[in-house]
Amino acid sequence: MAQKNEENQIHVRQQLVERVDSSLVISMVLDLSGVEIASGNSMVCTPIIEREDSVVALPQLFINGRSRHILYERTGRNPQEDGEFELRRRNGTEQTFDYHARIPFRKWMEKSEVSLVTDVCGCGWEALQNEKSPLFPINMAQPIVLKPLLAYVVPQAEDVKKRSIEGSAFLDFPVNKITIYPEYRKNPSELQKIRETIDVVRNDKYATITEVSIKGYASPEGSYSNNTYLAENRAKALLNYVRNLYDFKDTRFTVDFEPEDWAGLERMVKESNLEGKEEILAIIHADTPKDWDQREWKLKDVNGGADYRIILRDIYPALRHSDYAVKYTIRNFTVQEAKELIYTDPKQLSLNEMFQVAQTYEPGSEKYNEVFEIAVRMYPNDPVSNLNAAITAIDSRRFDAARRYLAKAAEQPEKELAEAALLMLEGKLDEAEAILTQLKGTSVAAQAEENLKLIAAKRNE
């Protein structure tokens, strides 16, 4: 870059700035070809480094005419000892000077500017700073990499790991009968479903069955009293059938029933294309008549009875079902056992056990993140598993996945911290700052404060 003065222009052809231990080293090749110095004159050039109110002068360069050069040499000055440079300018020739300087490094120098002050009047460089000519900028500062702090949530440990497998069986009974005929119509396949569910748990070496429960439902067809009898006794028949299949010890058997599955009727009508859908739903939702048999009779009159015939054919059969649940416990595991099971049989592990496995790996490592991904697959609707999976997704810059997980996380400071981190990484610093400011005094106050400092540093970059 040239001086402002059109005469005596000095150009920087090459420059190198580097930090060596606690020093800043500057090297540059100054092109003096445009400088004209009379024989008895001298030009004093002072490179300076400055940033705002901070300024440091580098060793001066004396550019002398022929007579002045001779005088300089006769004074006996030693440029090396006196911390300066001197040369004779040979006017009209191409001439360069290799300038090297080493000064103590200061933090502010990372982002600063090198300028050149020339003194042709003997007033000293400080008097002419307002005429300084910029040479080149120094930018040694490392770019601010936004890596916001986040906070995982430790899942609550389970003293007893209780689990349950549930299903529905649609058994066929002869009209008004309560006896199970295993080979009757579709009963073989329906009973097989129940046996397979029980066998899955019974054959699990880590599981102990604690309860088998059956709840029977009848459809609203027929009288409420008769449906009560059928729902209760058919459920008991199924429970006895299951009890007789296995030699369970210390297992509780429970039975319940719902005389008429009006909730199921409501759900299936909503999903149907019945012409009188709204009228039927209004009858279901009404407080009157209180008598369920009278309410069913009202259904028969909708749309001239056409809708009821469809209900009889397509909906009522699905309301005659037996819901079953196999409840069991899984023993707790050591961290070493859990590390093996998480890849072979992760359903055996609690969220807390998975979290303890993750702590054996380097945070942010592939295995560390993988554990939290397995956890959210095993517990896809759990708020804690989703929050922790969101954090690993943010760390690995998978922002879409992070947002999906955060949508299922509970509202808490750790979630807000994660949402602010997403905004930071997307460059929405103002929005992130607004969230982080509100987290002061919460469980993530320390992380929020550090992230606010990161935002401030990024803005000042």
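The values are calculated or read from the model by the stated rules, or taken from the named source; none is laboratory data. Fair warning: this is a prediction, and the values are worked out from it, not measured in the lab. Cβ placement follows ideal geometry from the backbone for every residue including glycine, while neighbour counts extend to all protein chains displayed. All accessible areas refer to the heavy atoms of the entire protein, side chains included, with ligands and DNA or RNA removed. Shrake-Rupley method; radii C 1.70, N 1.55, O 1.52, S 1.80 Å.
So here's what we get for this one:
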item	result
Qualifying positions in the range 14-65 - more than 20 Å from Ser112 (Cβ to Cβ) and free of Cβ contacts under 8 Å to residues at least 12 places away in the same chain	none
Scope the range 315-350; condition in a helix (DSSP H, G or I) and either within 21 Å of Glu196 (Cβ to Cβ) or open to solvent by 20 Å² or more (accessible area, probe 1.4 Å) (or both); matching residues	Pro317, Ala318, Val335, Gln336, Glu337, Lys339, Glu340, Tyr343, Thr344, Pro346, Lys347, Gln348
Val154 vs. criteria under 18 Å from His321 (Cα atoms) and open to solvent by 40 Å² or more (accessible area, probe 1.4 Å)	no
Selected residue (only one of Thr442, Thr360 is hydroxyl-bearing (Ser, Thr, Tyr), over 14 Å from Ala151 (Cβ atoms) and over 15 Å from the mean Cα position of the chain (by Cα))	Thr360
Residue list for the range 25-43, restricted to those being buried (at least 17 other Cβ atoms within 10 Å of the Cβ) and under 14 Å from Tyr99 (Cα atoms)	Ile26, Met28, Leu30, Asp31, Leu32
Number of positions in the range 107-151 that are out of contact with any helix residue (DSSP H, G or I) (no Cβ under 9 Å at 6 or more places or on another chain), open to solvent by less than 20 Å² (accessible area, probe 1.4 Å) and modelled with pLDDT under 90	1
Leading residue by the ranking (nearest to Pro155 (Cα to Cα)) among those in the range 381-403 that are open to solvent by 10 Å² or more (accessible area, probe 1.4 Å) and touching a residue at least 24 places away in the same chain (Cβ under 8 Å)	Val384
Any hit, the range 353-374, residues being in a helix (DSSP H, G or I), basic (Lys, Arg) and touching a residue at least 12 places away in the same chain (Cβ under 8 Å)	no
Residue within the range 406-426 that is closer than 30 Å to Lys339 by Cα, open to solvent by 70 Å² or more (accessible area, probe 1.4 Å) and aliphatic (A, V, I, L, M) present	yes
Where a residue in the range 80-95 is among the basic types (Lys, Arg) and its partner, wherever it lies, is crowded, with 17+ Cβ neighbours inside 10 Å and assigned to a helix (DSSP H, G or I), with Cβ under 7 Å and at least six apart	Arg88/His69
The range 258-314, residues that are assigned to a loop (DSSP other than H, G, I, E, B), open to solvent by less than 60 Å² (accessible area, probe 1.4 Å) and not hydrophobic (A, V, I, L, M, F, W, C)	Pro259, Glu260, Asp261, Ser272, Gly276, Pro289
Test for Glu81: is it open to solvent by 60 Å² or more (accessible area, probe 1.4 Å), modelled with pLDDT of 90 or more and either outside any strand (DSSP E or B) or touching a Leu at 6+ places or on another chain (Cβ under 7 Å) (or both)	no
All positions within the range 166-188 that are surrounded by fewer than 14 Cβ atoms within 10 Å (Cβ to Cβ) and among the hydrophobic types (A, V, I, L, M, F, W, C)	Val175
Selection within the range 86-106 - surrounded by 14 or more Cβ atoms within 10 Å (Cβ to Cβ), closer than 17 Å to Thr46 by Cβ and out of contact with any His (no Cβ under 9 Å at 6 or more places or on another chain)	Phe97, Tyr99, Ala101, Ile103
Test: residue in the range 52-69 that is closer than 18 Å to Ala141 by Cβ, open to solvent by 60 Å² or more (accessible area, probe 1.4 Å) and touching a Leu at 6+ places or on another chain (Cβ under 8 Å)	no
Residue match in the range 230-237 (condition: open to solvent by 30 Å² or more (accessible area, probe 1.4 Å), modelled with pLDDT of 95 or more, of a type outside the set (D, E, K, R) and not in a helix (DSSP H, G or I))	no
Tyr246 farther than 18 Å from Leu191 by Cα and either at pLDDT 95 or above or surrounded by fewer than 18 Cβ atoms within 10 Å (Cβ to Cβ) (or both)	no
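Here's the yes/no breakdown for (1) free of Cβ contacts under 8 Å to residues at least 40 places away in the same chain; (2) open to solvent by 20 Å² or more (accessible area, probe 1.4 Å):
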site: Glu190; (1), (2): yes, yes
site: Ile198; (1), (2): no, no
site: Arg202; (1), (2): no, yes
site: Glu211; (1), (2): no, yes
site: Pro220; (1), (2): no, no
site: Ser225; (1), (2): yes, yes
site: Val242; (1), (2): no, no
site: Asp256; (1), (2): no, yes
